[in-house]
Every structure is written in C-alpha cells, then in structure tokens.
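If you scroll down you'll find the structure; I have some questions about it.
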C-alpha cells in the first residue's frame, strides 16, 4: 500500500490549521529565520501549537530551513534546529548541506532549491542522507519516473501554484538588480516586472510586458500519473498566500486524492487520518492565478507566459466617467461589490457592481477592449469564510448490554482503542424499540473531532432505560480516552541509503543570472525550430536603464539571462 501525501503551505500557524481542516496530510512552515521567505516567519511557539493540532490527525509538520547559511549564522541555525525538533516538527526542508550535521532525530528533505532534475543529482543527495527529495518543477513525467526509479528516498513534486521562471535555487537576477538574494529568502521577484524586448540593433520588438512571468502550475488532473511514476508527496506552493487561497486549493486537491484512493483502494491510501466533511465547494478558477499550465509534464513546450490574474470575466466594452461597462466572456457571470480585477499592466478593486456596470476609481491603462480577470471574488470569499468544513476521525462502536451493565468498545480509524463500562439502572424502558433507537442516535454523534459511527449492538435480556445525558457523557468520555492515546502517523518513508560519498552542492552562477526551460523566443514564435527567421541577435530585455542579455542554448532547449552590454 502506497501512502499519498498532500503537502500544504502555511504562512502562519492559523493558516496551517486551516489547511489541515481542509484535508492536508502535511504542512510546511517557516520558523523565525532561514526560511527562504523573509515575510513568512513564525515563532517556535506557534509552530509547536501547529504540531499539537496536527498530531490529532497524524498530519506531519515540516519546517523550512532552506536558505544558504553564512558561516557566522551556523550557531544560530543549530539552536533553531534543536528548538524545532523540541517543538515537534517531523522534518526540515533544507538547501545548505551544513544543516545535515544538525539534524539529530529529524528527517531532512532536500529542497527544490537544490535544483534536482537528474537521477545523478538525486542519487548524490540521497548519498548525503536526505530522506526526501523535492523535484524541480520543469520536469517531464518521464524524467520524474527515471528519478523515482533511481533512488530509495521519498519523492516530493510540486503540483500547484506560482512558478519561478528560473531553475529553482539558481536565480541571481534579484540579487543583481536589487541586492536582495533569492537564496537568502529575499527575492524581489524581477520575473514579474515589465520589460521591453530589443534586438541587437536596438529595435523594440515587444513593449512593456511581463516577459519573464509564467502562468501558475496546475496538475489537478495528473495526480494518478504522478503517483504511478513514484511520487509520494504532492506539494502546493504558497507560503506567502492568504488563508482563503490555501483553503480553496487544499480542499480541491484533497478531494482529487480521495477520488484516486477510492478508485484504487488496494494500491493507495492517504498519509494521514480523518475525513473532511461539509463546507464550501472548491473552485480553482476563483482563486488568484496567472492562468494555468502543466508546464513540461508531457515533454512538450506550450504557451507558458502568464495571463491576467484569475478568472477571465470579459473585456471592457466602454468607459464611464466613474467606471466602465463589461462585455462578459459568457452569460451568467455575476459580479459583486468589492470584486478585484487585473489586466495586463494593472489591477483595481470595484466599488459597486450593478449587473455588468462596474463603478470604481479611475484606472490608468484601462481602455475599451482590455481583457479583465477577476482575482478576488467577493461572493466566493464570503462562501469560503461562512461554510467551513470539519475534519473528523471516524470511530466504530461495539456495545454490549447484559446483567445490569453496558460495555462499550471504540476503535478509531487509525487503530486506537478505548473501552468503558457503565452500570445501568434497574428501570426497564417502557418503549424498548424507541430506547434502542435513542441509544444508537446519541452514541452515533460527533464529539470533538471524532465522528462516532452507529454502534453494533448486542443485547441480552430486557432493554434498560438509558438517559440521554448519560449516553452523551459516555460518548464524551470515549473521546477523552482516545485523545489520551497518541496518533501514530502512517509510515511514509521508503528508506534511505547510507551516506557513502562526499557529494558537494555547488552554488555559483558562472555569470548567468538565470537559466530557464522557458524561452521567450519560442513563446513569441521566433524560434528557428518553428521555421521562423531569427531576429538580429542577441536579444535584450530592458527595464528603465537596466539591460539584460538573452542567450539561447538550443541543444538543451534552454534560455539564459546575463548582464547586457
């Protein structure tokens, strides 16, 4: 039986708890330092609180310690790792190999920042002692299968969220442009900036576009293929995202994994316990996105450049003094006061929506024909906040009544057992059938995060009178006894090889600010392989006074960005 893990991001402990409630099997979160997202730090105390909540469902917590460390930071990092271990985290996600020596009892995951895209790189990291490898996003399904077959460690694969244009962990553009290092958690996201594209003769080919910005990853419909290829953990990007985004995306992917497990119950199971019931219906199109792509999963190039920023709703038909009239993309689109919209070059929030007439402050760059995307649906946000799901652990009950007492045995879905005995009064129920029905109904209710199932009942003799208050109290006592027993997380790890080499990670740019599977020349239809005539090369990106040179390594179908002349 292969355990499948849905791994969710958490900017805060509260968002981590929300992710668990919506079906996450694991959560990754940053501590107070060294977390590759400077805006997403958390105290060790908050992480300990998240760990305690997660334990109820056998959910794992992974802490990110995935920046490159300066020598003087090593003592502080060592103390943090020790504190995170004591807080109850299950593993650390790391980039710098020096953290391996601090691991203690913690399992180490090789971060996607390690740029793992070949079996040889994966084997090297495995030989260092990493218990999990987080793959590069730009891989094909065939490449993923090859890496899974080459190692014994767990394999984690991103399935949803924002995409860096550069291979992970090898981007130096932010540091060059702003002094803010992506490998130190301070990326300024220059890939989302607007650029002009120029040829070698200084002619402008494209003006003022986000030429390095990619669509968001979405592999919701490819989970079975990834699982069959050997992937253990399905990771959602988004440690800077808000709670509504995390809830929506996690619930969508949790439902998809549940459906996969239901189709192949002998082959797959979820890595944690509990069932998500009720609440909102997820809709990935209503969560902020830049358009969706499956990137290189099929080994083919597509149109990967970002589009808009959410659900496409239509175009601007005509402008008003204080707003505009929308020409909807399809009938039935409903706009609401407070909706947020984006378009190429800007974004704004609606004040009032009356049908397809939108009233708002003047928006620079908004003209008739502009394509609009809704990145905030006020109505959907209200639904997310009002219809929260509940995560419950199912408990089977066995009840036996005889000789003046009732014996109850409860077995939770993760195998914990609680037993109670209750002395019964000498009173006999006046309506035996109704009494037995009441017993089943009262015991088969929720208590805390436990969903007790209709009990199996064995009766010897007459039916005694059983007060409702006593039955409710019995059910609560069973919940307390189950809580007193720790949940044992399902074994997930495939096992690692012993350390047997001095494999070293290399962190240098060789003058490249980034190397990417994405190619602007291909995206714009200028690739020689497309039969197009090459423009005067090299090509350049210009942003104000800054000029960046683009080069194209067609042998491996990659683009590089270096300093422009």
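Rounding to the nearest 10 and keeping the result within 0 to 90°, find how far the Cα-based axis of helix 432-443 lies from the longest principal axis of the chain.
30 degrees
Okay, moving on. Shape call for region 194-346 from the C-alpha gyration tensor, a ≥ b ≥ c root eigenvalues: rounded (a/c under 1.5), prolate (a/b greater than b/c) or oblate?
Oblate.
Right, here's the next one. Sorted by packing (mean other beta-carbon atoms within 10 Å per residue), highest first, where do 438-444, 479-485, 190-196 land?
Numbers: 438-444: 18.0, 479-485: 15.3, 190-196: 19.6.
Highest mean packing first, the order is 190-196, 438-444, 479-485.
I'm a student and want to see the number: the projected area of the Cα convex hull of region 210-262, averaged over all directions, in nm². Walk me through the numbers before you get to the answer.
Numbers: hull surface 19.7 nm².
For region 210-262, the mean projected area of the Cα convex hull comes to 4.9 nm².
What does the extension gain come out to for residue 428 and residue 441, with contour length at 0.36 nm per residue minus their alpha carbon separation?
Numbers: separation 13, 0.36 × 13 = 4.68 nm, distance 1.90 nm.
Between residue 428 and residue 441, full extension yields an extra 2.8 nm.
Okay, moving on. Assuming a ≥ b ≥ c are the square roots of the Cα gyration tensor eigenvalues, decide whether region 519-563 counts as rounded (a/c under 1.5), prolate (otherwise, with a/b larger than b/c) or oblate.
On the way: a/c = 2.45, a/b = 1.66, b/c = 1.48.
Taking the square roots of the gyration eigenvalues as a ≥ b ≥ c, region 519-563 is prolate.
Determine the shape class of region 61-163: with a ≥ b ≥ c the square roots of the Cα gyration tensor eigenvalues, call it rounded for a/c under 1.5, and otherwise prolate if a/b is greater than b/c, oblate otherwise.
Details: a/c = 1.94, a/b = 1.86, b/c = 1.04.
Judged from the Cα gyration tensor, region 61-163 comes out prolate (a/c at least 1.5, a/b above b/c).
Starting from the Cα coordinates of region 392-483, work out the convex hull volume and express it per residue in Å³. All intermediate terms of the calculation are to be shown ahead of the outcome.
On the way: hull volume 7.2 nm³, N = 92.
Per-residue hull volume (Cα only) is 79 Å³.
Taking just the C-alpha trace of the chain, give me its Rg and Dmax in Å.
For the chain, the Cα-based Rg and Dmax read 27.7, 101 Å.
Related question: If I model a spin label at residue 398 and residue 547 as a point 7 Å from the Cα along the Cα→Cβ vector, what separation in nanometres do I get?
With each label point 7 Å from Cα toward Cβ, the separation is 8.1 nm.
Angle, helix 243-263 long axis vs. longest principal axis of the chain, Cα atoms, 0 to 90°, nearest 10?
70 degrees
Using a simple spin-label model with points 7 Å from Cα along the Cα→Cβ vector, what separation in nm is obtained for residue 142 and residue 322?
6.0 nm
Against the longest alpha carbon principal axis of the chain, how many degrees, from 0 to 90 and to the nearest 10, is the axis of helix 44-55 turned?
Roughly 50 degrees, rounded to the nearest 10.
Another question, if that's okay. Roughly what would the spin-label model give for residue 315 and residue 178, points 7 Å off Cα along C-beta, in nm?
With each label placed 7 Å out from Cα toward Cβ, I get 3.4 nm.
Follow-up. Just need the relative contact order of the chain here, percent rounded to a whole number, with Cα pairs under 8 Å and 6+ apart.
Working: 1263 pairs, mean separation 88.7, N = 565.
Worked out over the chain, it gives 16 percent.
Please state the relative contact order of region 392-483 as a whole percent: Cα pairs under 8 Å, 6+ residues apart?
Details: 163 pairs, mean separation 32.1, N = 92.
Once normalised by length, the contact order is 35 percent.
Stick to the Cα atoms of region 264-341, pair each with every other, and give me the Kirkwood hydrodynamic radius in Å at one decimal.
After inverting the mean inverse Cα-Cα distance, the result is 17.0 Å.
Also, I was wondering about something else. Rounded to the nearest 0.05, what FRET efficiency is calculated for residue 78 and residue 55 with R0 set to 25 Å and r the Cβ-Cβ distance? Provide the component values of the computation, followed by the final result.
Working: r = 25 Å, r/R0 = 1.02.
With R0 = 25 Å, the Cβ-Cβ based efficiency is 0.45.
List the extent of the Cα atoms of region 372-424 along each of their three principal axes, largest first, rounded to whole Å.
73, 23, 10
Nearest 0.05, what FRET efficiency do residue 337 and residue 189 give at R0 = 30 Å with Cβ-Cβ as r?
Numbers: r = 30 Å, r/R0 = 1.01.
Given R0 = 30 Å and the Cβ-Cβ separation, E is 0.50.
Every read-out reported here was derived from the displayed coordinates using simple, explicitly stated rules and does not represent laboratory data. For clarity, every value in this text was computed on a predicted model and none was experimentally measured. As a convention, Cβ positions derive from the backbone with ideal geometry for all residues, glycine included, and neighbour counts pool all protein chains shown.
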